[in-house]
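Asker: Here you go, one structure.
Throughout, read-outs are computed from the coordinates displayed, never taken from laboratory work. Everything numeric in this text was worked out from a predicted model, so none of it was measured.
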Amino acid sequence: MLAENTKIGKTVEKRIKNRIIYSVCLVVLGAASVILGMGGFLPVELSDYLSGFYSGVGTGLIAAGILTIIRNIRTLKNEKLLKEKEIYENDERNKMIGLKTWSYTGYAMFIILYVGLLVAGFIGEMVLNTILVILGVYALCLFFAGLYCKKTM
Amino acid sequence: MKNCIKELRKEKRISQEELAAAVSVTRQTIISLENGKYNASLLLAHEIAKYFGKTIEEVFIFEN
């Protein structure tokens, strides 16, 4: 009903509906993971560990997906909750907090990876190469995200 | 940037919750604005000033 009243209300309602669709995808992905973990599709020598891993991750995804679906459907059906959600999601301070949180996390991640890279040399070449690849991909993501933001703003 | 939101709000006898609802932000945002912890965007500053029937310069004090 809120969606009938305001343009922002429509946006929030659409966003919540999209979240329900993403959550359904999450449940499907989780189910696929559980099937993969239990179905014996994995190499025999790794199956004990990997089967537990895939089953655990899959169950987690299913649970998270179902919870998100229930929560979002409840929000869609309740006018008061929808209004609260609308205000919370469009609140500029919350948006700023979100951006800053991601930004600080990004810096922390970069520093941790760099320290990890320095330490990894003493652990093994494999670990060093893995961290190097992660750091490279991270730097590329940062570069392209910056490029995208400069073009669109 | 200083502001006189608290004074204007008290003058008008409205709660933070009511002001927040009127300008479509959370109560926490109003608290942060009043405490000077957060600077409002131009859009929000305009909304708040409009709500009190003032200009942005009357509500927000710009400092160098």
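Asker: Which of A:LEU132, A:LEU36, A:LEU82 moves the most in a Gaussian network model of chain A with Cα springs under 10 Å?
Answerer: Evaluated over chain A, the most mobile residue of the options is A:LEU132.
Asker: Show the residues, 5+ positions off or on another chain, whose built amide H is closer than 5 Å to the amide H of B:ASN3.
Answerer: Amide H neighbours of B:ASN3: B:ILE61.
Asker: Let me ask something else about it. Each residue of the stretch A:15-25 in order: what ³J(HN,Hα) in whole Hz does its phi give by Karplus 6.51 cos²θ - 1.76 cosθ + 1.60, θ = phi - 60°, with x for Gly and Pro?
Answerer: Listing the rounded values in order: 4, 5, 4, 4, 4, 5, 5, 4, 5, 4, 4 Hz.
Asker: Between the alpha-carbon centers of the stretch A:101-120 and the stretch B:1-28, tell me the distance in whole angstrom.
Answerer: 40
Asker: Could you identify which residue out of A:ASN129, A:ASN18, A:ASN78 has the top mean-square fluctuation in a GNM of chain A using Cα springs shorter than 10 Å?
Answerer: Its mean-square fluctuation being the largest, the pick is A:ASN129.
Asker: Compare A:MET38, A:MET96, A:MET126 in a GNM of chain A, Cα atoms joined below 10 Å, and give the one with the largest fluctuation.
Answerer: Judging by the Gaussian network model, the answer is A:MET126.
Asker: Can you tell me which lysines have their Cα less than 24 Å from the Cα of A:LYS150? Leave out same-chain residues fewer than eight positions away.
Answerer: A:LYS95, A:LYS100
Asker: Shifting gears a bit: Which whole-Hz couplings ³J(HN,Hα) result when phi for each residue of the stretch B:16-30 is put into the Karplus expression 6.51 cos²θ - 1.76 cosθ + 1.60, θ = phi - 60°, listed in order with x for Gly and Pro?
Answerer: 3J(HN,Hα) across the stretch B:16-30, in whole Hz: 4, 4, 5, 5, 4, 5, 5, 9, 6, 9, 7, 5, 4, 5, 5.
Asker: A further question follows. Over chain B, one equal point on each Cα, no solvent: what is log10 I(q)/I(0) by the Debye formula at q = 0.12 Å⁻¹?
Answerer: Results for chain B at q = 0.12 Å⁻¹ read -0.23.
Asker: Also, I was wondering about something else. Pop out the ³J(HN,Hα) list for the stretch A:82-91 in order, Karplus 6.51 cos²θ - 1.76 cosθ + 1.60 with θ = phi - 60°, rounded to Hz; leave Gly and Pro as x.
Answerer: Result, ordered by residue: 5, 5, 4, 5, 4, 5, 4, 6, 9, 5 Hz.
Asker: Evaluate the protein assembly as shown: find the radius of gyration of its Cα atoms, find its Kirkwood radius, and give the ratio Rg to Rh.
Answerer: Rounded to two decimals, Rg over Rh is 1.11.
Asker: For every helix of n ≥ 4 consecutive DSSP H residues, a contribution of -39,500 (n - 2.57) applies; sum these over the protein assembly as shown, divide by its total residues, and give [θ] at 222 nm rounded to the nearest 500 deg cm²/dmol.
Answerer: -27500 deg cm²/dmol
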